[in-house]
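Following: one structure in structure tokens, then a few remarks.
Coordinate-derived values only; no laboratory data. Quick caveat: nothing in here was measured; it's all calculated off a predicted structure. Note: ideal-geometry Cβ built from the backbone for every residue, glycine included; neighbour counts use all protein chains shown.
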Amino acid sequence: MQGKKLLTALMAVGLAGTVLLAGCSGNNGGNTGNAGNIAGKDANKADTGDGFVLGETPVSFSYYVHYDWWTTEPWGANPNSKWVQDNLKVTVEPIQSGGAAAQKLSTMIASKELPGAIMMDRGPEVERLRAAGALVPLDDYIDKYPNLKKWAGEETLNMLRSSDGKIYQFPNWYTAEPTGNGGWFVNKKIYAELGSPKLETTDDLYAYLQQVKSKYPDVVPLEVGGNASGVEVMFPSFQEGAAGAFHAMKAYPNGDKFDTIYNNEAWKETMLYASKLFREGLMTQDAMTQKDDQVKEKLAAGRVAVFVGGNATNMGREGHNALKAQDPAAGYAFIWPIAKSGLDKYKVYPNGYNALGWNVNVITTSAKNPEAIFAYLDWMTGEEGTRVMFFGPQGLYWDDYDADGAPIPNDKWFSTPQEEKDKDKLEAYVWAGNATFVDTSKQKIEQTLPEEQRNWGSLAQLNIAWKTSQNMTQYNNIDPAPETDEGIINQQVGEMTNEYFGKILFAKDDAEVLKLIEEAKKTTTDLGFDKVNEFRTARWQENLALINGK
């Protein structure tokens, strides 16, 4: 739905980055006795009577994550996977993509040697495996084990049903509450030195960036990340209710149907504004070629005045901590989203969340014991599993939990430097993330801390990012399968629009921007983009019917 390769990656980094939290609570809600039994056999049983009991019978399975950029850590090498291996008797054999996920999956399919379970994007590729009879339906397991049904709910699960009416996908990072890491932040020292001017509208921002360029020649006025990805987050600043996802899709809901983005006047304004900033040297000049590591280096050195992007809470946290370590008065401040003058700032959404979360796990027919794999995923998505897999096993950074199940950090949490916690790589194995439970726990933890100990990124989420996130579930899985006629057209359109995006950014003046937009509209229309949007419209309407229980 949302420019899959980029945004799902950002979401992964965003949620994983927030594992570095700290907190305390003065009341365990009467759960002291339960916490002591967490590693015992009874704690690992599903409340089903006849289900697979984790910890009684050893189980092993192979697991593949279908992304070029993902490398699965060795199983048992960190505290929580070692705890699972020792206490639940679960062993996982990671299969790596080797940086070529599409080729890897095709090879496994062709050789009929699929792993026991796969993490992948929802949508066409899942359906391709299902249609080939390679996936195990999960409906019976969902009714048999308690956690997924309890936390995801019927409405969310119904959205995962395939055309045969069955569910084959176990969601990862599903949520009942807003999530998101996108937005804006400013360099505190530069902002103060320039008099802390009003910075609310796009006109305010333009004036401020001019000041920065004039007085700080070695500083990037506006950083937008690699591939100018921050422009996607800027689009909502020009239209109430707009979403960065529509920029990525190059289409938007116009009334009751999807239309080409090239007909959207607010998107045209966005591109005119972005191109103007670029040609005047107010935006990153290497935006189309730089990598994330280069952006992080600039942020850590304080050479960025304003940042906008989809991973702002994490990029900002790392940069803020680096600057603050050298100067307690330095760092970055997360700000309310910039908005065009006249818009309601409370209807500007740099973030979009999907109740279905980030991606899904599927269990293949190659699995020796598919029910055992489901039992493990269901345990992971429950309260105990989330505590162990996200916050670490009991006795590491927490010894007890409160009445809501949130872990209560112990002394080691506070005494362990952040870089040491990072080495534990706790988030590496969260494959069935329960965002609602995690985020509720994070809020409880964070709000109990002294201000100087609070996590910058978590506060940015709590105070702004999650408040400026809209529910995008209705647009889930509306793109055509890549092997279909519409899917082939969509791929061609994607390649063409990426080319035009760069040309528009580098345009010499506004007239050229508008000319290029019209050219892009004609080119993509000639490719058959209308057929793609007709397909999206039909799937969107089907989603609305499912959501409304029809």
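Things worth noting here:
- Taken one residue at a time, the phi angles of region 158-166 give Karplus couplings (6.51, -1.76, 1.60, θ = phi - 60°) of 4, 5, 9, 5, 7, 5, 8, x, 9 Hz. Gly and Pro are set to x.
- The protection proxy used here, the mean number of other Cβ atoms lying within 10 Å of each residue, ranks peptides 335-341, 353-359 as follows, highest first: 353-359, 335-341.
- Over all orientations, region 427-495 has a Cα convex hull whose mean projected area works out to 7.8 square nanometres.
- Along each principal axis, Cα extent of region 183-352, largest first, Å: 53, 31, 28
- Relative contact order [Cα under 8 Å, 6+ residues apart], the chain, whole percent: 25
- Computed over neighbours whose Cβ is under 15 Å from that of Trp431, the net charge equals -3, Lys and Arg +1, Asp and Glu -1.
- Binned Cα-Cα distances of region 477-547, short to long, each 10 Å bin given as a whole percent: 20, 39, 27, 13, 1
- Extreme residue, positive dipole direction of the chain, given options Ala465, Thr179, Val295 (C-beta unit charges): Val295
- Residue-wise HN-Hα couplings along region 97-105, as the Karplus relation 6.51 cos²θ - 1.76 cosθ + 1.60 with θ = phi - 60° gives them from phi, are 7, x, x, 9, 4, 4, 5, 4, 5 Hz; Gly and Pro carry x.
- Expressed to the nearest 5 percent, the antiparallel share of DSSP beta bridges inside region 183-352 is 70 percent.
- The 3J(HN,Hα) values that the Karplus relation (6.51, -1.76, 1.60; θ = phi - 60°) gives for region 177-190 are, in residue order, 10, x, 9, x, 10, x, x, 10, 8, 10, 6, 4, 5, 4 Hz. Gly and Pro appear as x.
- Close amide H partners of Thr201, meaning residues 5 or more places away or on another chain with modelled amide H under 5 Å apart, are Ala339.
- Residue order, fewest to most surrounding Cβ atoms within 10 angstrom, among Tyr397, Tyr500, Tyr174: Tyr500, Tyr397, Tyr174
- Listed cross-link partners Lys188/Lys442; Lys412/Lys467; Lys347/Lys531; Lys298/Lys347; Lys198/Lys268; Lys268/Lys345 are compared with a 22 Å cut-off, the Cα-Cα value being larger for Lys188/Lys442; Lys412/Lys467; Lys347/Lys531; Lys298/Lys347; Lys198/Lys268.
- Between the entries (i) 33.3; (ii) 24.7; (iii) 26.8, the label attached to mean projected area of the Cα convex hull in nm² calculated for this structure is (ii).
- Mean Cβ neighbour count within 10 Å, used as a protection proxy, ranking 290-297, 536-543 highest first: 536-543, 290-297
- Computed magnitude of the charge dipole of the chain (debye, nearest 20; Cβ of K, R +1, Cβ of D, E -1): 540
- Computed from the C-alpha gyration tensor, the three semi-axes of the ellipsoid equivalent to region 136-219 are 52, 13, 11 Å, from longest to shortest.
- For the chain, DSSP calls about 55 percent of its internal beta bridges antiparallel.
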